[in-house]
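Asker: Following this message is one structure expressed as structure tokens.
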Amino acid sequence: MSRSCDAIIRNANIITMNPQQPRAEALAVRDGRIVAIGSWEDVAPHAVGLATLDLAGKTVLPGFIDTHAHFMWTALSLAALDVSDGKDHASLQAIIGQAAAETLPGELIFGMGFTEYALEIEHHSPIIQVLDAAAPENPVFLMGVTGHTSAVNTRALERLALPEGTPGVMRDASRRPSGLLADRANTLAWERFSVSSGAGERATQMVARAEEKALSVGLTTLHALEGGNTSEDVTIANLLLAMPNLRLRLVLYYQTMDVNGVIRLGLPRIGGCILLDGDVGPRTAALSEPYADDPSSCGTLYYTQEEVNAFVLEAHKAGLQVAMHAVGDGAVEQALNAYSAALAAHPREDHRHRIEHCEIIREEQIERARQLGVALAIQPPFNHYWPHTTYYSSLGEERALKVDPVRSLMRPGLLIAGGSDSTVTPLGPLIGVHAAVNHSNPAERIEVGEALALYTINAARIGFEEHDKGSLEVGKLGDMVVLSEDPYGVEPGQIKEIPVDITIVGGQIAYESS
């Protein structure tokens, strides 16, 4: 679909995200870019020959930008068995049992949406027994919702044949495998079963549906964090071929440490979820102090400081923007150390290197990131789905209060942008805006305008796209979203319920609700 279209929007409540002109009632788009915005009297002279869209007072915002999503995983989730409704052993067993009845013996059952947080996994009834009972003749692999854990049955474990002592094979009270995998075991399982299930091809077939999902929630740009192992890297080539034909604009981050490979592809950025650590749930997030419920553990750093420093320095010297995953403050420290060393060796203005997540970050690290010019790509929806009280047992109440901070990060000179981490949380910028405004810790709540900025102008800046996107101004792309209600006008608790009526890319309607 062409992105160069002409259109007039009038009789609208336009929130521009441009402080020089915060509101408008009309705008004109020619050749895909805004040529006029303001009152109808300002815009009318540009209306000759253009199709007019009268919005009857509905709200218009810059097209939303999700700065951290796994687009191909999102596409794959539309092809995989959805086990997200498996909230307990009985319901999960019913889902797997139905799938097994429709699957030939010996064939893999590949599911997504599994979360151990939602299941009561008792020592006397580990998940492996539940899956064995549901599918005795099939290997079962259920990818965890965060990507940091997975669940398997006995047949799947036998097929994996993990080397003795592989980190991450969780065990029950009798020291037998419980069926939960984390750390290295989880990675090996994903690599093996994504290949055997044809995950790359299945994801490619679902790209159009994933795109439609993104457009339906008001996204016009999505930062796609893709690749990272042999089984997934083929999808990078497929995605690069598909991108020119998509209505949704993608900003591709290749999750590799192969700097030369990224340069050969002509990409200006590298990384994404290059995992410096894991996640709090399986106790693999790297912390500076031990877990409250396991004083012997501070989590896991997957690389040495020297390895991270070498990668960052090479990418930095090549002029690339770097992004790395760090959930715990121990991993945040490792990322900041690497960026600091690279900048000291080769000073570079406006690099906008990124740290993804920063769910547990100390005050001095926030200030250090600001001083270094490091941008933070956060996911406010995490707090919506996992409030800070979720972390009382693992982190203790004092640290839990500071998990997934938003207000603490809001300070001049520090660039913060929002994302979903789909499929960890669903695509939906309004969910993120809602979560930031209604944070479970009142001290971390922000204002509606600040929250909208995370998914508009700030999101454009973190991708070096602020001259084209993020606000509705003359010269910028005609990317916008039409909402049925004004986020400033509804009750804070209703923001996530606001319907998306129309999504416009380059002046052309790319999505319209029924």
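Asker: In whole Hz, what ³J(HN,Hα) sequence does region 13-21 give by Karplus (6.51, -1.76, 1.60; θ = phi - 60°), x for Gly and Pro?
Answerer: 9, 8, 9, 7, 6, 10, x, 6, 8
Asker: If ligands, DNA and RNA are left out, what is the accessible area of residue 87 with a 1.4 Å probe, given in Å² to the nearest 10?
Answerer: The accessible area comes out at roughly 110 Å².
Asker: Next up: Let me understand region 57-158 better: what is its radius of gyration from the alpha carbons, and its Dmax, in angstrom?
Answerer: Cα-based Rg and Dmax for region 57-158 come out at 16.5, 61 Å.
Asker: Considering only C-alpha atoms, what is the centroid distance from region 42-79 to region 128-186, in Å?
Answerer: Centre-to-centre (Cα) distance: 43 Å.
Asker: Expressed as a whole percentage, what fraction of the accessible surface of region 1-160 belongs to carbon and sulfur atoms when a 1.4 Å probe is rolled over the protein heavy atoms?
Answerer: Here it works out to 51 percent.
Asker: Using the heavy atoms of the protein chains and a 1.4 angstrom probe, tell me the accessible area per residue for the chain in square angstrom.
Answerer: That works out to 39 Å² per residue.
Asker: Quick one: Kirkwood hydrodynamic radius for the chain, alpha-carbon pairs, angstrom, one decimal?
Answerer: Computed over Cα pairs of the chain, the Kirkwood hydrodynamic radius comes out at 23.7 Å.
Asker: Okay, moving on. Can you send over the solvent-accessible area of residue 254, 1.4 Å probe, protein chains only, in Å² to the nearest 10?
Answerer: 30 Å²
Asker: If you count only protein heavy atoms and use a 1.4 Å probe, how large is the accessible surface of residue 388, to the nearest 10 Å²?
Answerer: Only protein atoms counted, so the area is about 10 Å².
Asker: Hey, what do the phi angles of region 203-214 turn into as Karplus ³J(HN,Hα) couplings, whole Hz, using 6.51/-1.76/1.60 and θ = phi - 60°, x for Gly and Pro?
Answerer: With coefficients 6.51, -1.76 and 1.60, one gets 5, 4, 5, 9, 4, 4, 6, 5, 4, 4, 4, 4 Hz.
Asker: Label region 359-514 by shape, choosing from rounded, prolate and oblate, from the square roots a ≥ b ≥ c of the eigenvalues of the Cα gyration tensor; if a/c is under 1.5 it is rounded, and otherwise prolate applies when a/b is larger than b/c, oblate when it is not.
Answerer: Cα axes put region 359-514 in the oblate bin.
Asker: For region 147-156, in order, what is each residue's ³J(HN,Hα) by Karplus, 6.51 cos²θ - 1.76 cosθ + 1.60 with θ = phi - 60°, in whole Hz (x at glycine and Pro)?
Answerer: x, 9, 9, 8, 10, 9, 9, 5, 4, 5
Asker: Another question, if that's okay. Leaving out ligands, DNA and RNA, what percent of the accessible area of region 211-352 is carbon and sulfur, probe 1.4 Å?
Answerer: 51 percent
Asker: Cα to Cα, under 18 Å, and not fewer than 8 places away if on the same chain: which aspartates and glutamates meet these conditions relative to residue 317?
Answerer: Qualifying aspartates and glutamates at Cα under 18 Å: 258, 306, 307, 349, 350.
Asker: Percent relative contact order of the chain, based on C-alpha pairs within less than 8 angstrom and at least six residues apart?
Answerer: 18 percent
Asker: List the longest stretch of the chain that has no exposed loop site; here a site is one of the GluC sites (Glu not before Pro) assigned by DSSP to anything other than H, G, I, E or B, with at most 10 other Cβ within 10 Å.
Answerer: Maximal segment without exposed cleavage sites: 165-348.
The values are calculated or read from the model by the stated rules, or taken from the named source; none is laboratory data. Worth saying up front: this structure is predicted, and the values here are computed from it rather than measured. When we count neighbours, we look across all protein chains shown, and the Cβ atoms used for this are built from the backbone with ideal geometry, even at glycine. Only protein heavy atoms, including side chains, enter the accessible area calculation; ligands, DNA and RNA are left aside. Shrake-Rupley method; radii C 1.70, N 1.55, O 1.52, S 1.80 Å.
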